[in-house]
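See structure below.
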């Protein structure tokens with residue numbers, strides 16, 4: 001059995017998963033909105049988010065797990081108490097998110113049991129080229145699955161936020177930098193990408 005890779009502080013990851021037996025995990029608009037609300041609550045304190053998409057039966061996120069000193073509160077003047085501060089492993093925050101959302105969905109739709117496949121999938125990203133490829137892959141997911149013709153047409157992804165000027169917690173400035181500028185970001189997103197080729201790379205061990 002393949003060993004699940006631990007999430008390392010300071011590293012970039014493509015985080016993805018789907019409903020158990022490929023079942024839908026989002027059935028109505030309120031589900032998408034509530035998941036994003038929980039995501040902000042559980043994940044934003046420990047990770048920076050660069051791209052995301054929520055599909056009816058699966059999701060993708062590109063994140064950087066923060067360094068430990070970015071997560072811990074300021075303990076200036078309380079050095080003797082620092083040993084009492086125990087940081088939860090990053091994967092626990094994601095597990096807490098999925099558990100909280102599962103409880104809400106089970107209550108809303110009168111179901112029981114697991115909602116997501118376990119363990120959730122993660123792929124470490126080590127260079128800017130692959131970060132860019134993952135962004136394209138994430139934003140093209142709705143196009144690839146025939147939910148729309150262009151990435152700009154799908155409401156439950158970070159594409160529109162990336163090209164917006166409105167305040168956001170999404171770390172879009174580095175994303176645009178990987179594409180050089182907004183114009184090239186839009187241009188490359190309007191091109192056909194080799195989804196199967198990127199998926200093959202994602203599945204490499």
Somewhere in the stretch 166-181, is a residue without any contact (Cβ under 8 Å) to a residue 40 or more places away in the chain and under 15 Å from residue 53 (Cβ atoms)?
no
Among the residues of the stretch 121-146, which ones are within 19 Å of residue 56 (Cα to Cα), in a loop (DSSP other than H, G, I, E, B) and without any contact (Cβ under 8 Å) to a residue 60 or more places away in the chain?
146
Conditions (1) closer than 25 Å to residue 110 by Cα; (2) modelled with pLDDT under 95 -> residue 57 fails only (2)
Residues satisfying the stated conditions in the stretch 122-150, i.e. touching a strand residue (DSSP E or B) at 6+ places or on another chain (Cβ under 7 Å) and over 16 Å from residue 49 (Cα atoms)
141, 142, 145
If we scan the stretch 89-100, do we find a residue that is within 21 Å of residue 173 (Cα to Cα), at pLDDT 95 or above and buried (at least 17 other Cβ atoms within 10 Å of the Cβ)?
no
Of the conditions (1) closer than 26 Å to residue 46 by Cβ; (2) at pLDDT 95 or above, residue 155 clears all except one; give me its number.
(1)
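Looking at 7, 38, which one is touching a helix residue (DSSP H, G or I) at 6+ places or on another chain (Cβ under 6 Å) and part of a helix (DSSP H, G or I)?
None of the others qualify; the one that does is 38.
Residues checked against (1) over 24 Å from residue 46 (Cβ atoms); (2) surrounded by 12 or more Cβ atoms within 10 Å (Cβ to Cβ); (3) modelled with pLDDT of 90 or more:
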{"site": "142", "(1), (2), (3)": "yes, yes, yes"}
{"site": "162", "(1), (2), (3)": "no, yes, yes"}
{"site": "177", "(1), (2), (3)": "no, yes, yes"}
{"site": "195", "(1), (2), (3)": "yes, yes, no"}
If we scan the stretch 125-138, do we find a residue that is farther than 20 Å from residue 178 by Cβ and surrounded by 18 or more Cβ atoms within 10 Å (Cβ to Cβ)?
no
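Residues checked against (1) over 17 Å from residue 129 (Cα atoms); (2) assigned to a helix (DSSP H, G or I):
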residue	(1), (2)
148	yes, no
161	yes, yes
166	yes, no
169	yes, no
180	no, no
184	no, yes
187	no, yes
Conditions first: (1) farther than 15 Å from residue 105 by Cβ; (2) loosely packed, with under 13 Cβ neighbours inside 10 Å. Residue 30 passes all but one, so which condition is the exception?
(1)
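The values are calculated or read from the model by the stated rules, or taken from the named source; none is laboratory data. No experiment lies behind these values; they were computed from the predicted model shown. Heads up, the Cβs are rebuilt from the backbone with ideal geometry, glycines too, and the neighbour counts pull from every protein chain shown.
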